[in-house]
Amino acid sequence: RKEVEQDPGPFNVPEGATVAFNCTYSNSASQSFFWYRQDCRKEPKLLMSVYSSGNEDGRFTAQLNRASQYISLLIRDSKLSDSATYLCVVWGAAGNKLTFGGGTRVLVKP
Amino acid sequence: NAGVTQTPKFRILKIGQSMTLQCAQDMNHNYMYWYRQDPGMGLKLIYYSVGAGITDKGEVPNGYNVSRSTTEDFPLRLELAAPSQTSVYFCASRDRTGAGEKLFFGSGTQLSVL
């Protein structure tokens, strides 16, 4: 089993709709969790950290479920500019370092 | 403040050639990383460094070498390039160990080995 797994998608989303997707991690001792956004052929950029209580940043909501070992990202009122690959990143999934999931591709269409 | 600077942005190598990917950061970060990203895949850690003079292997170190003689620079060396090393390479840095600090990425180097 991979340390960090994501549904690769693509998730085809109508503009204005809500989309949500998960990321599972195998090591219960994992300590911190992040969502990064990556546009085609560009470097990843931090979207948001994921806190135990869940957190929201505008149209984006991140949740952590330690019991089931997954994190989620929900995007409300999707914009065309939200089209990107969303990378789940876990600290401590495989030792004392960051581990990246394979990414979930989201395509928002008019 | 330039952040993390990678050079070159693009390179084509012939099988068996060698090259060095340069990475420099001006944020005085102790931790630096090299990742590779194959098409449609996530990032895989090649090597990392927790400070000048200290380096360690990541998931996919074979065929690569690194050095960290200064805090600022973390070059990645490819010896005897192979087609399997065709990928996009990202250098990244962060301020300290532990869970909280975000990664700052360079803009990447697209490498093709033909």
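Laboratory data are not the source of any read-out in this text; all were calculated from the coordinates shown. Please read all numbers here as calculations on a predicted model, not as lab measurements. Because the Cβ atoms are built from the backbone with ideal geometry, glycine has one as well, and the counts that use them run over all protein chains shown.
Close amide-amide hydrogen proximity is noted between B:Y31 and B:R94, each under 5 Å apart and 5 or more residues distant or on a separate chain (H modeled in the peptide plane; Pro and chain starts excluded).
Assign one of three labels to chain A, namely rounded, prolate or oblate, based on the Cα gyration tensor with a ≥ b ≥ c the square roots of its eigenvalues; rounded applies when a/c is under 1.5, prolate when it is not and a/b is larger than b/c, and oblate otherwise.
prolate
Find, among the trypsin sites (Lys or Arg not before Pro) in segment A:6-110, those assigned to loop by DSSP (not H, G, I, E, B) with at most 16 other beta-carbon atoms within 10 angstrom. Each step should come with its number before you reach the end.
Working: sites: A:R37, A:R41, A:K42, A:K45, A:R59, A:R66, A:R76, A:K79, A:K97, A:R105; in loops: A:R41, A:K42, A:R59, A:R66, A:R76, A:K79, A:K97.
Qualifying residues, ordered by number: A:R41, A:K42, A:R59, A:R66, A:R76, A:K79.
Just list whichever of A:K109/B:K9; A:K79/B:K44; A:K45/A:K97; A:K2/A:K79; A:K45/A:K109; B:K14/B:K57 have alpha carbons separated by over 28 Å in the model shown. Table pairs above 28 Å Cα-Cα are A:K109/B:K9; A:K79/B:K44; A:K2/A:K79. Here's the picture: a label point sits 7 Å out from the Cα of A:L107 along the beta-carbon direction, and within segment A:2-17 the residues with their amide nitrogen under 12 Å of it are A:9-14. Inter-chain neighbour count for B:35-44: the average number of beta-carbon atoms from partner chains within 10 Å of each residue's beta-carbon is 5.
When only Cα pairs below 8 angstrom with a gap of at least 6 residues are kept, chain A shows a relative contact order of 38 percent.
Taking square-rooted eigenvalues a ≥ b ≥ c of the alpha carbon gyration tensor, is segment A:23-71 rounded, prolate or oblate, where a/c under 1.5 means rounded and, failing that, a/b exceeding b/c means prolate? Write down the numbers at each step before the final one.
On the way: a/c = 2.62, a/b = 1.46, b/c = 1.79.
Oblate.
Find out how many positive minus negative residues lie around B:T7, taking Lys and Arg as positive, Asp and Glu as negative, among other residues whose Cβ is under 15 Å from that of B:T7. Before the final figure, lay out each step's value.
Numbers: positive: B:K9, B:R11, B:R77; negative: A:E43, B:D26, B:E72, B:D73.
Net charge around B:T7: -1.
A simple spin-label model places the labels of A:E15 and B:S84 4.6 nm from each other, with each point 7 Å out along Cα-to-Cβ. Simple spin-label estimate for A:K45 and B:N62 gives 3.7 nm between the two label positions (7 Å along the Cα-to-Cβ direction from each Cα). Counting charges near B:D26 (Lys, Arg +1; Asp, Glu -1) among other residues having Cβ under 15 Å from its Cβ returns a value of -2. In this rough spin-label picture, where each label sits 7 Å from Cα along the Cβ direction, the B:M27-A:N27 distance is 2.2 nm. For the protein assembly as shown, the extents of the C-alpha atoms along the principal axes are 49, 39, 36 Å, listed from largest to smallest. With no solvent and one point per C-alpha, what does the Debye sum give as log10 I(q)/I(0) for segment B:42-88 at q = 0.18, 0.33 Å⁻¹? Each listed q maps to, in turn, -0.57, -1.28. For segment B:1-89, the extents of the C-alpha atoms along the principal axes are 35, 26, 25 Å, listed from largest to smallest.
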